[in-house]
Amino acid sequence: MTVPLTLNAAGDAGAAADHPIVFARYTAGAPVEDLYAISAGGGTPVELTHTSTVSDVMPSWSPDGKRVAFVRYGSGGAIDGVWTMKTTGGDLKAVPGTRGASDPAWSPDGKRIAYAKPVGTQREIYVADIDGTPATRLTHTAADDLHPTWSPDGKYLAFNRADAGGHSRVMRIRLSTLAQTAVTGSGSHDWTPDWSHGNRIVFSRVDSSGFAHLYLVRPDGTGVHRITSARFNDKYPSWSPDGSRLVFTRGGGDDTDPEHLYLVRADGTGTTRLTKTDSHDMEADWRP
C-alpha cells in the first residue's frame, strides 16, 4: 500500500522541501522495513509503503522525482527483486529479470537502471532498461560488486568491490567499453559510493579509527579526504541535488543502537540530525 507524498517541512524549507529524501526504516518492535520520505528541512516523515509481510529497502529516485525504485524481500530473506512505484501512490511495477537483485540506481536520463545481482556465489553489476530488458552484465569477477552509482553524464558507473579477504574498494567502469579502473586502494574498507552532479564521489570508509567515516574522492582517484570524524559509524551517504550537502546514516553498532539520518555540508561542517525517533533509518536517497 502506498500513500501520497506530501511533506511538512520545518526550518530550511524552500528549495529543500522540493527535494525530499527517501529512506528505509524499521524499529525493534516492527522489524519489517518500509520506505519513508522526509523534507531536508525536517518535520515528520511520510510513510510511502506499509506491508506486513515483506520489507522495502534501498530506494532510488527517478531523475524526474515521479517514481522510486526499491528492493522488496520476504520474511524468509528471499529477495523478490527490484520494483518501482509512483510517489503519489500505487502503480507498483516489478522490474523483470531482477529476482535476487539489490542496490538499484536510476540512470540520469531516466531510461535505465543499474543493480547488483547474484551470479553463483558472487554479485555482479548489471544494467537494464527500466522495463528490465535487455539486461547487460557489466562485471565478471570472483569478488562481490555492489552499490552502483551513475556518473552525471551516464557514461560511467562507480561501485564497491568486496574481495574474499574482507576488503572493499571503489571501482569505476566505462559502459561503452567495460574498461574498469580502481578509484581507491586495494587494502581499503570502502562502501556505498554516491556520485554527485559536481563530479565528486562520496563513500563510507572504515578507517584506522575503527569507525566508518565519510570520505570524498575525485573519479580519477585523486583528492581523497575525510569529511566526518566523530566516534560513530557514518554510512549510506547521498548527495543533495546541488552537491553542497550530504545525507547519511549515523549509528547502528548493533540492533539496540538506533540509526538516524544526519545532514552535513560537503566540507564537513554543519552536521545536523534529521530524524528523531527510536528507529533504524538508512539507505537514504536525496531526490535529484
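Closer than 26 Å to residue 243 by Cβ, at pLDDT below 95 and either open to solvent by 50 Å² or more (accessible area, probe 1.4 Å) or of a type in the set (A, V, I, L, M, F, W, C) (or both) - does that describe any residue in the range 78-93?
Of all residues in the range 78-93, those closer than 26 Å to residue 243 by Cβ come to 84, 87.
Now restrict to residues that are at pLDDT below 95: 87.
When the remaining residues are screened for being either open to solvent by 50 Å² or more (accessible area, probe 1.4 Å) or of a type in the set (A, V, I, L, M, F, W, C) (or both), the result is none.
No - not one qualifying residue is present in the range 78-93.
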>> I need a count of the residues in the range 162-192 that are loosely packed, with under 15 Cβ neighbours inside 10 Å, within 14 Å of residue 204 (Cα to Cα) and in contact (Cβ under 8 Å) with a residue 40 or more places away in the chain.
In response: 0
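Mind listing whichever residues of the range 97-106 are surrounded by fewer than 22 Cβ atoms within 10 Å (Cβ to Cβ) and at pLDDT 95 or above? Break it down into steps so the answer makes sense when it comes.
Going residue by residue through the range 97-106, those that are surrounded by fewer than 22 Cβ atoms within 10 Å (Cβ to Cβ) are 97, 99-100, 102.
Within the range 97-106, just 102 meets the criteria.
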> Of all residues in the range 46-77, which are in a loop (DSSP other than H, G, I, E, B) and either open to solvent by 20 Å² or more (accessible area, probe 1.4 Å) or in contact with a strand residue (DSSP E or B) (Cβ under 7 Å, 6 or more places away or on another chain) (or both)?
Replying inline: 48, 50, 51, 52, 53, 62, 63, 64, 66, 75, 76, 77
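I'd like to verify a number: residues in the range 232-288 that are part of a loop (DSSP other than H, G, I, E, B) and over 18 Å from residue 198 (Cα atoms), how many?
Residues flagged as part of a loop (DSSP other than H, G, I, E, B) and over 18 Å from residue 198 (Cα atoms) within the range 232-288 amount to 18.
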> Only one of 154, 165, 185 is in a loop (DSSP other than H, G, I, E, B), closer than 18 Å to residue 226 by Cα and small (Gly, Ala, Ser); which?
Replying inline: 185
> If you take the residues in the range 259-288 that are without any contact (Cβ under 8 Å) to a residue 24 or more places away in the chain and crowded, with 18+ Cβ neighbours inside 10 Å, which one is farthest from residue 32 (Cα to Cα)?
Replying inline: 260
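Any idea which of 250, 226 is more than 15 Å from the chain's Cα centre (by Cα) and either within 30 Å of residue 47 (Cα to Cα) or charged (D, E, K, R) (or both)? Outline the logic, then answer.
Numbers: 250 fails: more than 15 Å from the chain's Cα centre (by Cα).
That would be 226, the only listed residue that is more than 15 Å from the chain's Cα centre (by Cα) and either within 30 Å of residue 47 (Cα to Cα) or charged (D, E, K, R) (or both).
The values are calculated or read from the model by the stated rules, or taken from the named source; none is laboratory data. On a predicted model such as this, the values are computed, not experimentally measured, just so you know. Note: ideal-geometry Cβ built from the backbone for every residue, glycine included; neighbour counts use all protein chains shown. Accessible surface areas use protein heavy atoms only, side chains included; no ligands, DNA or RNA. Shrake-Rupley method; radii C 1.70, N 1.55, O 1.52, S 1.80 Å.
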